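Following: one structure in structure tokens, then a few remarks.
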Amino acid sequence: MSEAFKSLVACFALAIVAQSAAADPQHGKDIAKRWCANCHVVESGQSNAIDHAPPFGQIARTPDFDRTKLAFLLLRPHPNMPSLSLDRTEISNLADYISSLK
Ligand code: HEC
């Protein structure tokens, strides 16, 4: 990946984190249920999810979890995860929702 692209991604992720003042975890939960619940357990009590996708509660409790990292991850989804076209507000809200599961 080029350096220019990396810094572009970094700026974008920082902009997302800076937006946290307008955070709406409830909206994040709705997004999670719509886009992530096929594979991840997005709230406790959910039974259908695929085995190798970590539940969101577990992601939130990993010692080095933070919103910035999550935002980066969602901008460049890893293999196995479909690339989702979420906008900044959606990513920010999702990150807040996942953080709230700690
Ligand atoms: C088609 C199934 C699928 C969907 C839909 C999906 N994921 Fe994932 N996700 C996975 C799998 C599988 C892994 C574990 C991948 C791995 O370890 O390589 C994963 C891992 C993750 C991780 C942890 C990655 C890490 O490196 O620690 C996060 C965070 C995550 N997903 C967030 C989300 C969010 C947020 C959504 C909804 C917007 C979502 N995923 C939708 C399959 C999915």
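Sorted fewest first by neighbouring Cβ atoms within 10 angstrom, Val42, Val9 come out as Val9, Val42.
Spin-label model, Arg88 to Thr68: label points 7 Å out along the Cα-to-beta-carbon direction sit 1.6 nm apart. If R0 equals 25 Å, the separation of the Cβ atoms of Arg61 and Ala10 corresponds to a calculated FRET efficiency of about 0.45.
For the stretch 34-48, 3J(HN,Hα) computed residue by residue from phi via the Karplus equation (6.51, -1.76, 1.60; θ = phi - 60°) reads 6, 9, 10, 5, 5, 10, 9, 6, 9, 8, 5, x, 6, 10, 9 Hz, glycine and proline entered as x. Between Lys33 and Lys102, the FRET efficiency from the beta-carbon distance, with R0 = 25 Å, is close to 0.85.
Can you give the net charge of the other residues whose Cβ lies under 15 Å from the Cβ of Ser100, counting K and R as +1 and D and E as -1?
Computed value for this residue: 0.
Quick note: the coordinates plus some simple rules give every number you see, no bench work behind them. If you're wondering where the values come from, they're calculated on a predicted model, not measured in any experiment. Neighbour counts are summed over all protein chains in view; Cβ atoms, including those assigned to glycine, are modelled from backbone coordinates with ideal geometry.
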